[in-house]
Amino acid sequence: MSRVYNFSAGPAVLPEEVLREAAEEMLDYKGTGMSVMEMSHRSKAYEGIIQGAEADLRELMGIPENYRVLFLQGGASQQFAMIPMNLMKNGTADYIVTGQWAKKAWQEAGIYGKANKIASSEDENFSYIPDCSDLPVSPDADYVYICENNTIYGTKFKALPNTKGKPLVADVSSCFLSEPVDVTKYGLIYGGVQKNIGPAGVVIVIIREDLITEDVLPGTPTMLRYKIHADNASLYNTPPAYGIYICGKVFQWLKRQGGLEAMKEYNERKAKILYDFLDESRLFRGTVRKEDRSLMNVPFVTGDGDLDARFVKAAKEAGFENLKGHRSVGGMRASIYNAMPVEGVEKLVEFMKKFENEEK
Ligand SMILES: *Cc1c(COP(=O)(O)O)cnc(C)c1O
């Protein structure tokens, strides 16, 4: 068996320890004589899994009592509709558009009400985060929406926007659990888990209790109501049971690593290795404003499309997978999520140096 260094943006690398544990428990989960995939989501064993996962996530993020944690399906993209359907009481929301995912969310919200784009960085191909300290927040906005880490472009909000008292809604898909967060600063935090936490099929929503109401837009399907899922502890219908189980294992792994403070340090160390090299390289350069750089997704280019393609191919042959950039940025992108070991980044930089020396 040999494992590659997987720099995929998502679904992405998971901790090897977690995969091994899951393999060991595959046929017989803790003496139940069955796999977690085969058990009733209403069984005692599964109750332990989902409740344990929630408790560990609460501990890791310091989630206050007045927030609910929901394990849902439909991916992050389903939330683009679910959020306005549940939160647009006044029929208005403000969106900060810093990339494709934020743009999609903004466009989707426009189906359900008035979605105002109050800031954008599209003028420079989303290569920076706009100043959000004094935006024209609408007086009747039900919430202000951001995509906190822009997976495709490699930017991250280093300071949260001034929402002027409106609830902040954040898509954290690609920075979930990468560093400590102050949950109280948000009305709703959500993310698809396949970037930094677990297998595709689970989306986690952390929502302040007062935002969970019966008062949703007319026509909102039962399955798209936060209240239904909150009242039923994420067991209204069959949840993505196996995916939640793996997420729970990743939460345990994160606790063993020392929690989110320790992850932040580790992620900063990894990102610095790559960014420092990009800043001094004669061949490669980063594509985003330095102060807005993501710790998780690092896009870079040579400036020559053919050379980029040759690099991606050579890297793949050397065991560095999924380095091709998103088509809207071109070049390369290294996603260095929690589970990417520091050795992976060190070896990638070594390889980039060698490639550079051979080219220039
Ligand atoms: C990947 C991604 C999405 C879309 O996730 P799906 O689960 O495929 O719907 C949305 N937002 C961000 C920030 C992402 O990285």
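Here is a yes/no grid of residues against (1) more than 12 Å from the ligand (Cβ to nearest atom); (2) in contact with a strand residue (DSSP E or B) (Cβ under 7 Å, 6 or more places away or on another chain); (3) more than 28 Å from VAL18 (Cα to Cα):
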position	(1), (2), (3)
PRO139	yes, no, yes
ILE146	no, yes, yes
CYS175	no, yes, no
GLY192	no, yes, no
GLY219	yes, no, yes
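The set of residues in region 1-16 being open to solvent by less than 20 Å² (accessible area, probe 1.4 Å) and more than 16 Å from the ligand (Cβ to nearest atom) consists of PRO15 alone. If you go through region 20-30 and keep only what is open to solvent by less than 70 Å² (accessible area, probe 1.4 Å) and not hydrophobic (A, V, I, L, M, F, W, C), you end up with GLU21, GLU25, TYR29. Restricting the first member to region 113-126 and to residues that are within 20 Å of ILE83 (Cα to Cα), and the second to residues that are at pLDDT below 95 and crowded, with 18+ Cβ neighbours inside 10 Å, no beta-carbon pair is closer than 8 Å while six or more apart or on different chains.
Applying a threshold of 7 Å to beta carbon distances and a minimum spacing of six or more residues, or different chains, the list of pairs starting in region 88-104 at a residue that is under 16 Å from SER77 (Cα atoms) and assigned by TED's automatic domain parsing to the domain that holds ALA115 and ending at one that is open to solvent by 50 Å² or more (accessible area, probe 1.4 Å) and away from the ligand (no atom under 13 Å from the Cβ) reads TYR95/LYS117; VAL97/LYS117; VAL97/GLU122. Annotation: of all residues in region 62-72 being away from the ligand (no atom under 16 Å from the Cβ) and closer than 23 Å to GLU47 by Cβ, the one that is most open to solvent (accessible area, probe 1.4 Å) is GLU65. Are any of the residues in region 321-328 farther than 25 Å from GLY198 by Cα and open to solvent by less than 30 Å² (accessible area, probe 1.4 Å)? No, because not a single residue in region 321-328 is farther than 25 Å from GLY198 by Cα and open to solvent by less than 30 Å² (accessible area, probe 1.4 Å). When ILE204 is tested against the conditions (1) within 16 Å of the ligand (Cβ to nearest atom); (2) closer than 19 Å to ASN90 by Cβ, the lone failure is (2). Of all the criteria given as (1) free of Cβ contacts under 8 Å to residues at least 24 places away in the same chain; (2) touching a Ser or Thr at 6+ places or on another chain (Cβ under 9 Å), the one not satisfied by ALA76 is (1). Of all residues in region 76-114, those being surrounded by fewer than 17 Cβ atoms within 10 Å (Cβ to Cβ) and either among the hydrophobic types (A, V, I, L, M, F, W, C) or on the phi > 0 side of the Ramachandran plot (or both) number 2.
Answer yes or no as to whether ASP140 is under 21 Å from ARG289 (Cα atoms) and open to solvent by 60 Å² or more (accessible area, probe 1.4 Å). So ASP140 fails the test.
Pairs are defined by a Cβ separation below 9 Å, a sequence spacing of at least 6 or placement on different chains, a first member in region 153-176 that is touching a residue at least 60 places away in the same chain (Cβ under 8 Å) and over 26 Å from ARG333 (Cβ atoms), and a second member that is within 12 Å of the ligand (Cβ to nearest atom) and in a loop (DSSP other than H, G, I, E, B); no pair meets this definition.
Could you list all residues from region 270-293 that are loosely packed, with under 12 Cβ neighbours inside 10 Å, assigned to a helix (DSSP H, G or I) and among the basic types (Lys, Arg)? Result: LYS290, single match. Taking the criterion of being hydroxyl-bearing (Ser, Thr, Tyr), within 16 Å of the ligand (Cβ to nearest atom) and not in a loop (DSSP other than H, G, I, E, B), the residues of region 73-119 that qualify are SER77, TYR95. For the criterion of being surrounded by 19 or more Cβ atoms within 10 Å (Cβ to Cβ) and within 16 Å of the ligand (Cβ to nearest atom), THR155 passes.
The values are calculated or read from the model by the stated rules, or taken from the named source; none is laboratory data. A quick note: this is a predicted structure, and the numbers were derived from the prediction, not measured. Reconstructed Cβ throughout: ideal geometry from the backbone, glycine too, with neighbour counts over all protein chains shown. Heavy atoms of the whole protein, side chains included, go into the accessibility calculation; ligands, DNA and RNA do not. Shrake-Rupley method; radii C 1.70, N 1.55, O 1.52, S 1.80 Å.
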